[in-house]
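The values are calculated or read from the model by the stated rules, or taken from the named source; none is laboratory data. This one's a predicted model, so the numbers in the text were calculated from it and none came from an experiment. As a convention, Cβ positions derive from the backbone with ideal geometry for all residues, glycine included, and neighbour counts pool all protein chains shown.
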Amino acid sequence: MQSDDFSNPGMLWVARGEKLWMTPAGGSGKSCATCHTEASQGMKGVATRYPAMDPGSARLVNIEGRINLCRARHQQVEAFQYESEELLALTAYVAHQSRGMPVKIEIDAQNRRHFDRGRDLYNRRIGQMNLSCAQCHDQNWGKKLLTDTISQGHGNAYPIYRLEWQNAGSLHRRFRNCLYGVRAELLPAGSAEFLDLELFLAWRARGLPLETPGVRR
Amino acid sequence: MLAIVLIPREARRGEIIPIRIAIQHPMETGFRPDNFGRRIPKNVINSLVCRYNGVEIFRAEMGSGIAANPQLQFYTVAQKSGDIIFEWVDDAGQAGGERAALTVSG
């Protein structure tokens, strides 16, 4: 279902993203395409190096965050809400341009702090169930949790279309699902903790090909 | 409403060709409550028609049992070059449409 572009419902979000890419926004009347031209060239490989540090603000941003920075800085319009149809569509469209390319994250002096925090969170026991991400996704992958087969917990296919959601969703929505599963505090999508976690997961997925848009049960 | 239509671009006269359409739509069943316990009103694409050079070749009436972002597939016989046009409407009264061109040889 994922590998057949027509059967993959996530491609509807990619198609919507392509339309948004060419739609002017804000007072400047500029679209993403005005500055970045063809996404198939300009955006190719970009998602393999995200989340990345934004030199302007010295903040860690993922693709969603980068798109909203472009909206603020270059289009002078309000940010898209996290998990909104528009942000999912544009993120899927940008990430899709790197489909098949390996994740390529390097840890350096700039992002080390975020990486360390992400790794800590990944290995820390949390919630009423007192489980860490690692206990499921490193120590028990391949085993069953109710009807789910636990995967290694990689983020290389996001945003995905999930049949249970009957909708597309971001990696941070998936994080919230896992936090809910262990009855831990539900952090908001786009939060600093989730970005750190996303960086750690991307580093952990080095070499895996991007699959956006993935399809999940 | 966004949709993707997939048909062969070219066909020989008399050839049986697959026609596929995927439409982005929540297909809200009418049975789900929102976060405040209020019922979300039913909103599904209730009817969809496909015409080939103006002649109706397919019609579907859908209800609550169809999943979100529905995909439909059927077959037709290629006859003449022309347009394959889809039109549909949902319970909220919103109409949508999409077309694809087919070139027939022989």
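Name the residue, out of B:ALA101, B:ALA68, that is within 14 Å of chain A (Cβ to nearest Cβ) and either part of a loop (DSSP other than H, G, I, E, B) or within 16 Å of the chain's Cα centre (by Cα) (or both). I'd like the intermediate steps shown before the answer.
Numbers: B:ALA101 fails: within 14 Å of chain A (Cβ to nearest Cβ).
Residue meeting the stated conditions: B:ALA68.
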Next on the checklist: Checking A:LYS19 against (1) facing another protein chain (nearest Cβ under 10 Å); (2) assigned to a loop (DSSP other than H, G, I, E, B); (3) loosely packed, with under 15 Cβ neighbours inside 10 Å: exactly one of these is not met. Which one?
Outcome noted: (2)
Checklist entry - In region A:44-57, how many are more than 15 Å from the chain's Cα centre (by Cα), modelled with pLDDT of 95 or more and not in a strand (DSSP E or B)? => result 1
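Taking the options A:LEU197, A:LEU121, name whichever one is outside the structural domain of A:ARG59 (by TED's automatic domain parsing), under 29 Å from A:MET11 (Cα atoms), in contact (Cβ under 8 Å) with a residue 24 or more places away in the chain and assigned to a helix (DSSP H, G or I). Please lay out each step first, then the result.
Values: A:LEU121 fails: under 29 Å from A:MET11 (Cα atoms).
Result: A:LEU197 is the single residue among A:LEU197, A:LEU121 that is outside the structural domain of A:ARG59 (by TED's automatic domain parsing), under 29 Å from A:MET11 (Cα atoms), in contact (Cβ under 8 Å) with a residue 24 or more places away in the chain and assigned to a helix (DSSP H, G or I).
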Item to check | Long-range neighbours under 6 Å by Cβ, at least six apart or interchain, first residue within 17 Å of A:GLU193 (Cβ to Cβ) within region A:47-73, second of a type in the set (Ser, Thr, Tyr) and surrounded by 14 or more Cβ atoms within 10 Å (Cβ to Cβ) | outcome: A:ASN62/A:TYR50; A:GLU64/A:THR91
Checklist entry - Which of (1) within 14 Å of another protein chain (Cβ to nearest Cβ); (2) within 23 Å of A:TRP165 (Cβ to Cβ); (3) within 13 Å of the chain's Cα centre (by Cα) does B:LEU6 not meet, given it meets every other one? => result (2)
